[in-house]
1. Restricting attention to region 8-21, and to residues there that are farther than 21 Å from S83 by Cβ and surrounded by 15 or more Cβ atoms within 10 Å (Cβ to Cβ), which single residue is farthest from the chain's Cα centre (by Cα)?
2. Consider only pairs whose beta carbons are under 8 Å apart and that are at least six residues apart or on different chains; among these, list those whose first residue lies in region 208-233 and is closer than 23 Å to N123 by Cβ and polar (S, T, N, Q) and whose second residue is at pLDDT 85 or above and surrounded by fewer than 19 Cβ atoms within 10 Å (Cβ to Cβ).
3. Can you name the condition, by its number, that V54 falls short on among (1) in contact (Cβ under 8 Å) with a residue 40 or more places away in the chain; (2) surrounded by fewer than 20 Cβ atoms within 10 Å (Cβ to Cβ); (3) closer than 24 Å to A90 by Cα; (4) in contact with a Gly (Cβ under 9 Å, 6 or more places away or on another chain)?
4. Identify, from the list E174, E220, the residue that is charged (D, E, K, R) and closer than 30 Å to P16 by Cβ.
5. With the structure loaded, tell me whether N135 is surrounded by 14 or more Cβ atoms within 10 Å (Cβ to Cβ) and more than 23 Å from A87 (Cβ to Cβ) or whether it fails that test.
6. Quick one: in region 170-224, of everything that is β-branched (V, I, T) and more than 22 Å from H119 (Cα to Cα), which residue is surrounded by the fewest Cβ atoms within 10 Å (Cβ to Cβ)?
7. Could you say whether any residue in region 114-128 is crowded, with 16+ Cβ neighbours inside 10 Å, hydrophobic (A, V, I, L, M, F, W, C), touching a strand residue (DSSP E or B) at 6+ places or on another chain (Cβ under 7 Å) and assigned to a loop (DSSP other than H, G, I, E, B)?
Amino acid sequence: MPYCSTPEAQDGDGNPLPRLAALDCGIKHNILRELCQRFEVVWCPASMPFDEIVSEWRPDALFASNGPGDPAHPGDATSARESLAAAVRADMPVMGICLGHQLMGLAAGLRTYKLRYGHRGANQPVVDLRTGKVNITSQNHGFAVEDPDKGMLAPHPSGAHSDTGENALEADFEVRHINANDRTVEGLDLVGKPAFTIQFHPEACPGPHDASPLFDRFSEMVAEHLAGGQRAVVKGGDS
């Protein structure tokens, strides 16, 4: 069952923090720790439908965590993907990490595929295409999201990949981050929507910490969204 891990959380000035629904696809403790510093966090199982999350908890934003396995596998991963798509359609701020990133890619109609050599370790260089900055990141995954223009880069000889789908987001997207070694997709920004995803782990402890400001980016994105008086308009959880 879902529960609020930080009820009535406040900032340093005593103001209530925004409420974040965190879809647990295999979430790491350090991710929750980072989120709880910035939000009132409601832990939700990956299988919980978006409409139910909204009706029971009225979150201001949605987060999809890391997790193991093939992102295209049916079951809870599919449910989480549908919730991500519904949140984006409802103009709710959304962030996804690792598996959450891959699920967003699938919701955008992109294929996911098995990498020839999975990205493992704490020394993976990632390029921010908007700023040109290279961050050293921690990663541990064997699947990737295809590039919308170049297709599957560095694929496994087995050719294992998901089917091509339709964009269920009702939004365009762009590749924001790529791996400096094999040029595979490491992050997506949604155009005109308060949503983005990353393949790597900004919460890495003891490090590296190059990417940790991405939690601040999401927190600021949520604050700006709420300051504009915008609330999610639920259109249904099916994608």
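1. A9
2. Sorted first by the residue in region 208-233, then by its partner, the list stays empty.
3. (2)
4. E220
5. yes
6. Restricting to residues being β-branched (V, I, T) and more than 22 Å from H119 (Cα to Cα), the top hit is V191.
7. No, that holds for no residue.
Rundown of residues vs (1) surrounded by fewer than 21 Cβ atoms within 10 Å (Cβ to Cβ); (2) over 29 Å from A160 (Cβ atoms); (3) touching a residue at least 60 places away in the same chain (Cβ under 8 Å); (4) out of contact with any helix residue (DSSP H, G or I) (no Cβ under 8 Å at 6 or more places or on another chain), yes/no style:
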residue	(1), (2), (3), (4)
Y3	yes, yes, no, yes
T6	yes, yes, no, no
L23	no, no, yes, no
V41	no, yes, no, no
C44	no, yes, no, no
M48	no, no, no, no
L62	no, no, no, no
R81	no, no, yes, no
V88	no, no, yes, no
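The values are calculated or read from the model by the stated rules, or taken from the named source; none is laboratory data. Owing to the predicted nature of the structure, the values given are computational and were not obtained by experimental measurement. Neighbour counts run over all protein chains shown; Cβ positions are idealised from the backbone, glycine included.
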